[in-house]
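J.: One structure, pasted below without further comment.
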């Protein structure tokens, strides 16, 4: 899998390319910022979903054990 570069590395590389070409695109820099924001948002969403799943799984396990106890009686 390809190594993920940081936002700072991407911006540094873009500035180097801008200097070489003699051009600059603020839109491209803004796009890199929006990608970083979206990446962080998705990372947080995945973390919350994993947490919710683990809570549901634990609740399901407790319910299963109660059901098993009731069936034993």
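J.: Cβ-Cβ under 6 Å, sequence separation 6+ or interchain: first residue in the range 37-61 and in a helix (DSSP H, G or I), partner modelled with pLDDT of 80 or more and surrounded by 10 or more Cβ atoms within 10 Å (Cβ to Cβ). Which pairs?
T.: none
J.: Here's a follow-up. Being out of contact with any strand residue (DSSP E or B) (no Cβ under 7 Å at 6 or more places or on another chain), modelled with pLDDT of 90 or more and surrounded by 10 or more Cβ atoms within 10 Å (Cβ to Cβ): is that true of residue 33 here?
T.: Against the criterion (out of contact with any strand residue (DSSP E or B) (no Cβ under 7 Å at 6 or more places or on another chain), modelled with pLDDT of 90 or more and surrounded by 10 or more Cβ atoms within 10 Å (Cβ to Cβ)), residue 33 qualifies.
The values are calculated or read from the model by the stated rules, or taken from the named source; none is laboratory data. What you see is a predicted model; the values in this text were computed from it and never measured. Methodologically, a virtual Cβ is constructed for each residue, glycine included, from the backbone with ideal geometry; neighbour enumeration extends over all protein chains shown.
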